[in-house]
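Have a look at the structure below before the remarks.
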Amino acid sequence: MLSCLAFQALGVPAAASVLVHPARIAGALAVLFDQSSTSIFAPQAAPARSVYGLSLLVLGICAGIFLVVGGLLAYAVVRYRHRRGYSVREPAQIYGSNQIELSWTVIPILIVVVLFLASARVIFVNQSVPKPASTIDVTVIGHQYWWEYRYPKLGIVTANELHIPAVDPKHPVPAYLTLTSADSDHSFWVPRLAGKMDAIPNKTNTLWIDPQQPGLYLGQCAQYCGVQHAKMLLRVYVDTPQQFQAWVAAQQKTAVQDPAVAQGRAVFESNACANCHTVSGTSAHGVFGPDLSHVAGRDTIASGAVVNNTANLRAFISDPATLKPGALMPAMHLNDRDLDAVTKYLSTLR
Amino acid sequence: MATSTRVTGHIENPAAHHGALAALTDWVTTVDHKKIGILYMSSALVFLLVAGFEALLMRVQLMIPNAHYIEPETFNRLFTMHGTTMVFFAGMPMLFGFGNYLVPLMIGARDMAFPRLNAFSFWISFFGGVLLYFSYFAGSGLYGAGSAPDVGWFAYAPLTSRVFSPGHSTDYWTLSILLSGIGTIGTAVNIVATTLCMRCPGMKLSRMPLLVWLYLVVSALVFVTISPLTAAQIMLCLDRYLGAHFFDTQAGGSAVLWMHFFWVFGHPEVYILVLPAFAFANEIIPVFSRKAIFGYPAMVAASVGIGFISLSVWAHHMFTVGMGPGPNAFFTFATMVIAVPTGIKIFNWLATLWGGNIHFTVAMMFALGFLFQFLIAGLTGVMLASSPFDWQLGNSYFVVAHFHYVLVGAIVFMIFSAFYYWYPKMTGRMLSERLGKWHFWLFVIGFHLTFDFMHVPGLLGMPRRIYTYEADRGWAIWNMIVSSGAIFQAVATLLFAWNMVRSYFKGEIAGPDPWDAWTLEWATNSPPPSYNFAVTPTVESRRPLWDRKHPEEPDAQFE
């Protein structure tokens, strides 16, 4: 809007100002960026939406400034270029003008004040909201190179695939995420839901999201955290209330104990697996790696790096580095029989 | 430099002028500010080529999704070395090289205030860079093969602790920056002392060339900002070897503390790099517009203003660490305010062009490229200053595109411009304008292919510092374009290097004042004798050579 006003004030024809009208920009951007599942211009929750609105204002003002100043610059370069036959005398020497200096000091200050006030509003809208008592509370713990999700109110511990219920537009209660880290710095960034928030050891940060549209939202770690920073992907499943209830019920159960795969379970419990992973209802209580109690219910393994199927699972257990070099889990050096057994066991843990 | 050594023969040991060994001795032991300046620039050019090659490797890897040409660890080393090298061993030495060469000449002095400190500063910085690269052979100490640091150029805690960085690669990083910092402070002391104490008669502060003013501001910034960086490096060493727990989060230390230490250096550092680029623009744009700089006092005020404000904006690198709404709002405001003095500079350059007689030499073409690109870089900077927008864009490829617009689009363009402008003074020969135009256009095409399109994957959610990326995110086409631009830039840079070498032997003879310019360095021979001026000049205005060439309308009456 401001850029339009500025254009009209400068006497630029209306057609030019329509070109930079925020709605038009929004339309053009939407077409250009809809291809991506992680575009910041396709917000699906209030925090991302408020940033999107602000970004259009900021982009509009900046585009206006660019057109005016860049235009003047281009004009000066063309108009005052050296031409053949220019008289040998130097051009008139002009040393400055206090009035002009004052004007191009005051106008930018006014623009800065406008941009600051618009930004401050969005800062406080996002970061000064008290936590509603009925929220879904999730503790997000960044690890090298995977995500741990704890739901203290529901007694659930899971990894890499965050489930939250879609928000009812009539009674919007956002989900609250409390972020921290077990090792190095990480950052939680799902662009269509909210801006990023860092997960830092010895510090807790909060972030809230209120998506209404069920679906899968992607993102990834946005703070360099070590060798495999690139494959520390984020998957947020926004479920319908029914789906979410079903998911919670499944997660709250003790891990499946299928006698058909008892051999695999024995391999799991008698090898180093149990030192780092937990499977509820067994002797495996490790907390260094992801909780595997319901690992077969996930779509992906290795923090979204690969699809969760038998072949990938087997390859990952055999040597994680083949799928995710730098992963902290060591190659297990199991023989083929044990490998098959433990793969089969984990595949039953729905 | 054959001619300059001959001229200086009667001052230095005459026996030192026979053969390659003698020439080497001459360069290694020199305390002449011009030779030290050239040493600074040459070593910076070598590091620039090395770090540029590292960038090229990264762009090859990122050209397509899920590529596996480069191992993740190798990639992490590449971006760490690229960033560290460009900032500490290419950028700053290049700019200090020009400062060393130009400041004494422009104020009519015969050398820097402390010539030996000057030599010491160069060599310690240079060996800092050598030490950094030695880590490729020795980074893991006695066990295993060597490895370079892989903690990123801002080396966030706790990745630098011994738990996460065993071996010595991080120590090489720490120590090389410590050494570079000592050299940087030495040169800053020298520039401040030289500008304050050694100006020729008549050169009041209000008549000092703007380039010298800016180097004064840069040097003051160096004092304030290198100190916390050095302190942080020492604290990190204590953490790693004496069990201190400043940044050791496993023992209750603070990761955020490191961020504050680093960015209270790191952001003013951007201005340490960009103010010299402004300094070159302040000299080159007026000469090729054939007009005096518009608004000299405003330009000085804006430069000093930028210096002060730049000290209060560091935490805009930390908008996503959870500082809370109050600090986020404060640093948003402080960062946006810096756009005001920066804007004043752009407007004054524009007003200098206005009504001028613009000569499109290669130096001027690069300077005009700088103006357009710095305008865009400034505007994306305003976007990032708005902290909510930064929550989305911070640490994404949008940021990478933004700061490369500043570092390449503004700073490297002005460094090229400065070479085309002052190379004749330094060597006595002109750089080829024909090769220069090829260099310019190839570089402009490459620059815009790479860095314009690099903004887009950031807007589409692509974080920086990832060695590969998923195919289904819509990033692939943009990365392909970005990588293709890198090839143009590489070819253009090689053309430039060839031009530098070829022109040294075959370039047109320059004469003392090839550009019909106005500041004192053009009042002496090209290259200048080691004593610079046979007779100390006396000045009566900001443009002493203008006064000499136009006695009918000298500057003094208008200042």
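The values are calculated or read from the model by the stated rules, or taken from the named source; none is laboratory data. On a predicted model such as this, the values are computed, not experimentally measured, just so you know. Glycine also receives a Cβ, built like all others from the backbone with ideal geometry; neighbour counts cover every protein chain displayed.
Among residues of the stretch A:213-242 being in contact with an Asp or Glu (Cβ under 7 Å, 6 or more places away or on another chain) and more than 9 Å from chain B (Cβ to nearest Cβ), the one that is nearest to A:Lys196 (Cα to Cα) is A:Arg235.
Here the condition is being touching a residue at least 40 places away in the same chain (Cβ under 8 Å), surrounded by fewer than 16 Cβ atoms within 10 Å (Cβ to Cβ) and not in a loop (DSSP other than H, G, I, E, B); of A:Val51, A:Val68, it holds for A:Val68 alone. Among residues of the stretch A:301-325 being over 22 Å from B:Asp472 (Cβ atoms) and among the hydroxyl-bearing types (Ser, Thr, Tyr), the one that is surrounded by the fewest Cβ atoms within 10 Å (Cβ to Cβ) is A:Thr310. Among the residues that make up the stretch B:133-148, is at least one of them closer than 30 Å to B:Glu540 by Cβ, hydroxyl-bearing (Ser, Thr, Tyr) and touching a His at 6+ places or on another chain (Cβ under 9 Å)? Scanning the stretch B:133-148 turns up no residue that is closer than 30 Å to B:Glu540 by Cβ, hydroxyl-bearing (Ser, Thr, Tyr) and touching a His at 6+ places or on another chain (Cβ under 9 Å).
When A:Leu110, A:Leu57, A:Leu73 are screened for being at the interface with another protein chain (Cβ under 7 Å from one of its Cβ atoms), of a type outside the set (S, T, N, Q) and outside any loop (DSSP other than H, G, I, E, B), only A:Leu73 passes. Checked against (1) out of contact with any helix residue (DSSP H, G or I) (no Cβ under 7 Å at 6 or more places or on another chain); (2) over 27 Å from A:Gly281 (Cβ atoms), A:Ala305 passes all but condition (1). Just checking, does the stretch B:248-268 include any residue being at pLDDT 95 or above and among the charged types (D, E, K, R)? No, every residue in the stretch B:248-268 fails to be at pLDDT 95 or above and among the charged types (D, E, K, R). Has the stretch A:195-204 got at least one residue that is among the small types (Gly, Ala, Ser) and either in contact with an Asp or Glu (Cβ under 7 Å, 6 or more places away or on another chain) or farther than 16 Å from A:Ser134 by Cα (or both)? There is at least one residue in the stretch A:195-204 that is among the small types (Gly, Ala, Ser) and either in contact with an Asp or Glu (Cβ under 7 Å, 6 or more places away or on another chain) or farther than 16 Å from A:Ser134 by Cα (or both). Given B:Leu273, B:Leu311, B:Leu257, which one is in contact with a Gly (Cβ under 7 Å, 6 or more places away or on another chain) and on the phi < 0 side of the Ramachandran plot? Result of the check over B:Leu273, B:Leu311, B:Leu257: B:Leu273. In the stretch A:192-206, of all residues being facing chain B (nearest Cβ under 7 Å) and touching a residue at least 24 places away in the same chain (Cβ under 8 Å), the one that is surrounded by the most Cβ atoms within 10 Å (Cβ to Cβ) corresponds to A:Asp198. Residues that are within 13 Å of chain B (Cβ to nearest Cβ) and outside any loop (DSSP other than H, G, I, E, B) do occur in the stretch A:166-177, at least one of them.
Applying a threshold of 7 Å to beta carbon distances and a minimum spacing of six or more residues, or different chains, the list of pairs starting in the stretch B:452-466 at a residue that is at the interface with another protein chain (Cβ under 7 Å from one of its Cβ atoms) and ending at one that is in a helix (DSSP H, G or I) and at pLDDT 95 or above reads B:Leu459/B:Phe398; B:Arg465/A:His229; B:Arg465/B:Phe79; B:Ile466/A:His229; B:Ile466/A:Ala230. From the list A:His277, A:His333, the one residue that fits, being out of contact with any Lys or Arg (no Cβ under 8 Å at 6 or more places or on another chain) and under 19 Å from A:Tyr149 (Cα atoms), is A:His277.
When the stretch B:329-357 is filtered for residues that are hydroxyl-bearing (Ser, Thr, Tyr) and over 24 Å from A:Tyr95 (Cα atoms), the ones remaining, listed by number, are B:Thr332, B:Thr335.
Look through the stretch B:243-269, keep the residues that are among the small types (Gly, Ala, Ser), touching a residue at least 40 places away in the same chain (Cβ under 8 Å) and surrounded by fewer than 20 Cβ atoms within 10 Å (Cβ to Cβ), and return whichever of them is farthest from the other protein chains (Cβ to nearest Cβ).
B:Gly266
For B:Ala517, indicate whether it is surrounded by 18 or more Cβ atoms within 10 Å (Cβ to Cβ), touching a helix residue (DSSP H, G or I) at 6+ places or on another chain (Cβ under 7 Å), under 30 Å from B:His439 (Cα atoms) and within 14 Å of chain A (Cβ to nearest Cβ). In short, yes.
Within the stretch A:151-162, the set of residues being assigned to a strand (DSSP E or B) and either at pLDDT below 95 or more than 15 Å from A:Lys253 (Cβ to Cβ) (or both) comprises A:Ala159, A:Glu161, A:Leu162.
Results for (1) assigned to a helix (DSSP H, G or I); (2) of a type outside the set (Gly, Ala, Ser), shown as yes or no for each residue.
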site: B:Pro201; (1), (2): no, yes
site: B:Trp213; (1), (2): yes, yes
site: B:Val217; (1), (2): yes, yes
site: B:Val222; (1), (2): yes, yes
site: B:Ser227; (1), (2): yes, no
site: B:Thr230; (1), (2): yes, yes
site: B:His245; (1), (2): no, yes
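Residues checked against (1) modelled with pLDDT of 95 or more; (2) out of contact with any helix residue (DSSP H, G or I) (no Cβ under 8 Å at 6 or more places or on another chain):
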| site | (1), (2) |
| --- | --- |
| A:His21 | no, no |
| A:Gln35 | no, yes |
| A:Val51 | yes, no |
| A:Ile61 | yes, no |
| A:Ile65 | yes, no |
| A:Leu73 | yes, no |
| A:Arg81 | no, yes |
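Any residue at all in the stretch A:121-134 that's within 21 Å of B:Ala301 (Cα to Cα), within 8 Å of another protein chain (Cβ to nearest Cβ) and out of contact with any strand residue (DSSP E or B) (no Cβ under 8 Å at 6 or more places or on another chain)? For the stretch A:121-134, residues within 21 Å of B:Ala301 (Cα to Cα), within 8 Å of another protein chain (Cβ to nearest Cβ) and out of contact with any strand residue (DSSP E or B) (no Cβ under 8 Å at 6 or more places or on another chain): absent. The residues on offer are B:Ile344, B:Ile376, B:Ile338, and the sole one that is surrounded by 24 or more Cβ atoms within 10 Å (Cβ to Cβ), more than 30 Å from A:Arg84 (Cβ to Cβ) and aliphatic (A, V, I, L, M) is B:Ile338.
Does A:Glu90 qualify as being of a type in the set (Asp, Glu) and outside any helix (DSSP H, G or I)? So A:Glu90 passes the test.
May I ask you to verify whether B:Ala279 is modelled with pLDDT of 95 or more and more than 25 Å from B:His317 (Cα to Cα)?
Considered against the rule, which asks whether it is modelled with pLDDT of 95 or more and more than 25 Å from B:His317 (Cα to Cα), B:Ala279 comes out as yes.
All conditions but one from (1) outside the structural domain of A:Tyr149 (by TED's automatic domain parsing); (2) in contact with an Asp or Glu (Cβ under 9 Å, 6 or more places away or on another chain) apply to A:Asn312; the one that does not is (2). For B:Gly369, the criteria (1) among the small types (Gly, Ala, Ser); (2) more than 7 Å from chain A (Cβ to nearest Cβ); (3) under 26 Å from A:His229 (Cβ atoms) hold in every case but one, which is (3).
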